[in-house]
There are 2 protein chains.
Amino acid sequence: MDQPLASRTAPTPRIDAVQLNADIEATARFGGTGNGGVSRLTLTPEDKAVRDWFVARCIELGCRVDVDPIGNLFASYPGRNAALPVIMTGSHLDTQPGGGRYDGVLGVLAGLAALRALKSSGIVTEHPLTVVNWTNEEGSRFSPAMFGSGVHAGAIALDEALAVRDRAGISVGEALDAIGYRGSQAYRQTPAAYVELHIEQGPVLEAEGTAIGTVTGVQGLRWFDVVIEGTESHAGSTPMANRRDALTAAARLILAVEAIGRAHAPGVLTVGHAGISPNSRNVVPGRVNLQIDMRHPSQTGLDAMETALRQAVAGQADSRIERIWAKQPVAFDPACIEAVRQAAVGCGLSCRDIASGAGHDAAHLAALAPTAMIFIPSRDGLSHNEREYSSPRQCADGAEVLLRTLLELDRRLA
Amino acid sequence: MDQPLASRTAPTPRIDAVQLNADIEATARFGGTGNGGVSRLTLTPEDKAVRDWFVARCIELGCRVDVDPIGNLFASYPGRNAALPVIMTGSHLDTQPGGGRYDGVLGVLAGLAALRALKSSGIVTEHPLTVVNWTNEEGSRFSPAMFGSGVHAGAIALDEALAVRDRAGISVGEALDAIGYRGSQAYRQTPAAYVELHIEQGPVLEAEGTAIGTVTGVQGLRWFDVVIEGTESHAGSTPMANRRDALTAAARLILAVEAIGRAHAPGVLTVGHAGISPNSRNVVPGRVNLQIDMRHPSQTGLDAMETALRQAVAGQADSRIERIWAKQPVAFDPACIEAVRQAAVGCGLSCRDIASGAGHDAAHLAALAPTAMIFIPSRDGLSHNEREYSSPRQCADGAEVLLRTLLELDRRLA
């Protein structure tokens, strides 16, 4: 696992793990909650502060920084051949309210760390390298999430994104102007490849003791609402045999949903919400609604799960189901995935293929360019939480794999 | 079923079904909701109005009316032998907010109808007969419920009941003074027997097509709180095998609870409330609390159910259970029950034994005197609801059985 890179023959740039950790601590102060977490919603004064910090670091390194009209920040480091398209990495510096210090931030800072490693080792890539900070990955203030990368990839119209308003009535355009990050023209580079490092936000790597997740794609997602009707009645005077208890019917369905999830691995199926009516101790429940979240890396898998789910609901009297939202699965580029795998092996780190359960900017980029992602373990699988944590060593391992992947892609694509 | 009483030899007083129905409609105007229901909380101006109406009707009939210090109203009609203790019937004129026009009211008005029938047929009983309106059966404004009969039976101290305050800070004593129904001294009669007519408030009689329920007692009750701990995690990134889903664990327990209820008939076991945390579609639930209502006519039955319930919870990892309230079952007097049964048969009405699932003033009276109750069907089992309904015929049947029971008890106890 810890085979020293010094034993290899080629001179290899190394990530400065101490500096990377210092950068994580530095950015965590912008919007720091005092409990180890960060609340740094997109396009707020805290977001401006971390952007200013990031731009200053990039300029120190000799990058050119571009800001596009949706506020995406592109820091580009020159390669040997200016005619080649850039190889891009990055993620996002905004957080959830009461979020952690790694989600998104690590991907941006690891990009910075990779540029630093190249600079200090004197290595110059063929392609220019660009580190990007996407606007509004989280979607906590403005909906939908990931609209910075969405606009860049052409999935979301710029005008529509600029017109979105937060709960206070402030539009995205106004918020960009207020912090001085509305760029004048689009950054029109279509990258040769895009690689994003991110924390897993799930328990798989930690549970297995695996250092690196080679992300093969982003799961597709379907949301369903289910309603189960019963008859509200007096808990004392209604014999068991005379009941139409909506909650016991819901319980049968919840267990059926769990069984369908288990039968369709790597898919997952969750009843995250149950609303019971009237939800009073001494009244037999008359109505239950369930909110269901379904994910699978493949369309076929999603279809099979949906068929099974609909059968389970149909088998339950007086129940109905409605699909209210769907997102297609995204498959990353096999060559990019292989580059990540080889980089992990090259670093002497254990790795495994994994599908991302959560959405990421990389899912938008995959429509534009060959794309892959790198995951590192999340302690207890926690994310969107002040207790979110990955160790300095895990973060540095991820950055090291990112750096090697960028170099590997630079070689392959040149 | 409809054998005419006229074919019998003995002259038998008959309930005036039309007048009874008119009285139900008359009382329903005091606090009428406009949707067929009644909101007449205890000791409010609406309650004063219906009490005034009731007292006037009783005085018209030639009754003596006593008011005790908790506001219970006793309307006594003389018998042949003033030395005998009274035979008592009645119920309550207060309702739930948004309640119906039958719950409680029927029992009082049927008592009045019985006295009317005796008067118009010229029959005089041996015992004096008393029709009572108990204060605060419902407990919606002042807690606990049924404190009028509780004070009468010695289960609740008068001073404590008078000191209870509503949400506006008004005490029971103040409320009694405000409507002029605080009596100066206790009505000290211990009745020879107590019989109460009430709507079933459950679906059994209607479902079976049975006219009369011979109530054998009031079920005992135990309330439990259960907490099931899991691990809150991301619905997208937590594989099924890595989850500790508190809601699926709760679903298994809900089904176990239902099975225990079914295995312990005539007991009933209900999960009426489930609180899910965080109750968000895309988060695997980390914690569920359940509120459970258990009832059974016998202590042994309750004990067996509680043992089974505790075993079910113990079999569920990371779950705990707490009993938060218990009420003993009440068994009514076998001779009084038999008198009701014979009265129903005498009226040519179908009847069946039934345990009351809800609490009633009769449960307090059972500690003081031989007691029984009579149930008539409730449409759809509904009560505490504006749609509560029993037909004029069903109400008159119940009153007829009450009248015959009073006469039967008068003969037996003389």
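The residue list B:Ile179, B:Ile170, B:Ile156 contains one member that is over 24 Å from B:Asp52 (Cα atoms), surrounded by 14 or more Cβ atoms within 10 Å (Cβ to Cβ) and of a type in the set (Val, Ile, Thr), which is B:Ile156. Which residues, counting only those in region A:31-54, are surrounded by 21 or more Cβ atoms within 10 Å (Cβ to Cβ) and either part of a helix (DSSP H, G or I) or aromatic (Phe, Trp, Tyr) (or both)? Selection gives A:Glu46, A:Asp47, A:Val50, A:Arg51, A:Phe54. Note on region A:55-100: residues that are surrounded by 24 or more Cβ atoms within 10 Å (Cβ to Cβ) and within 15 Å of A:Phe30 (Cβ to Cβ) total 7. In region B:218-236, the qualifying residues are those that are at the interface with another protein chain (Cβ under 8 Å from one of its Cβ atoms) and not in a loop (DSSP other than H, G, I, E, B), and the one that is surrounded by the fewest Cβ atoms within 10 Å (Cβ to Cβ) is B:Trp223.
Going through (1) in a helix (DSSP H, G or I); (2) more than 7 Å from chain B (Cβ to nearest Cβ) one by one, A:Thr248 falls short only on (2). Selection of first residues in region B:310-331 that are within 14 Å of B:Arg287 (Cα to Cα) and open to solvent by 40 Å² or more (accessible area, probe 1.4 Å) and of second residues that are of a type in the set (Asp, Glu) and at pLDDT 95 or above, restricted to Cβ pairs under 6 Å at least 6 apart or on distinct chains, gives the following pairs, ordered by first then second residue: B:Asp318/B:Glu229.
Selection of first residues in region A:88-112 that are over 9 Å from A:His198 (Cβ atoms) and of second residues that are among the aromatic types (Phe, Trp, Tyr) and assigned to a loop (DSSP other than H, G, I, E, B), restricted to Cβ pairs under 7 Å at least 6 apart or on distinct chains, gives the following pairs, ordered by first then second residue: A:Gly90/A:Trp134; A:His92/A:Trp134.
Provide a single number: the residues in region A:181-200 that are part of a loop (DSSP other than H, G, I, E, B) and touching a helix residue (DSSP H, G or I) at 6+ places or on another chain (Cβ under 7 Å).
Total satisfying the criteria: 3.
Listed residues A:Leu309, A:Leu255; which is over 27 Å from B:Gly381 (Cα atoms) and facing chain B (nearest Cβ under 7 Å)? The unique qualifying residue is A:Leu255. Within region B:139-148, not a single residue is open to solvent by less than 10 Å² (accessible area, probe 1.4 Å), modelled with pLDDT of 95 or more, outside any loop (DSSP other than H, G, I, E, B) and over 22 Å from B:Gly100 (Cβ atoms). When region A:258-291 is filtered for residues that are within 7 Å of chain B (Cβ to nearest Cβ), outside any helix (DSSP H, G or I) and out of contact with any His (no Cβ under 8 Å at 6 or more places or on another chain), the ones remaining, listed by number, are A:Ala265, A:Thr270, A:Val271, A:Gly272, A:His273, A:Ala274, A:Pro285.
In region A:188-217, the residue that is modelled with the lowest pLDDT out of those that are of a type in the set (Ser, Thr, Tyr) and open to solvent by 10 Å² or more (accessible area, probe 1.4 Å) is A:Thr190. For B:Pro239, state whether it is facing another protein chain (nearest Cβ under 8 Å), open to solvent by 10 Å² or more (accessible area, probe 1.4 Å) and out of contact with any His (no Cβ under 7 Å at 6 or more places or on another chain). Here the answer is yes, as B:Pro239 does meet what is asked.
Residue by residue, here is whether (1) more than 14 Å from chain A (Cβ to nearest Cβ); (2) open to solvent by 50 Å² or more (accessible area, probe 1.4 Å) holds:
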residue	(1), (2)
B:Ala362	yes, no
B:Thr371	yes, no
B:Asn385	no, no
B:Ser391	yes, no
B:Leu402	yes, no
B:Leu407	yes, no
B:Arg412	yes, yes
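When B:Ala274 is tested against (1) modelled with pLDDT of 95 or more; (2) more than 22 Å from A:Phe224 (Cβ to Cβ); (3) not acidic (Asp, Glu), only condition (2) is not met.
On inspection, B:Thr248 passes the criterion of being open to solvent by less than 40 Å² (accessible area, probe 1.4 Å), without any contact (Cβ under 8 Å) to a residue 40 or more places away in the chain and either farther than 18 Å from A:Leu255 by Cβ or of a type in the set (S, T, N, Q) (or both).
The values are calculated or read from the model by the stated rules, or taken from the named source; none is laboratory data. Every value quoted in this text rests on a predicted model; they were computed, and no experiment measured them. With ideal geometry, Cβ positions are generated from the backbone for all residues, glycine too; neighbour counts draw on all protein chains shown. Remember, those area values only see protein heavy atoms, side chains included, never the ligands or the DNA or RNA. Shrake-Rupley method; radii C 1.70, N 1.55, O 1.52, S 1.80 Å.
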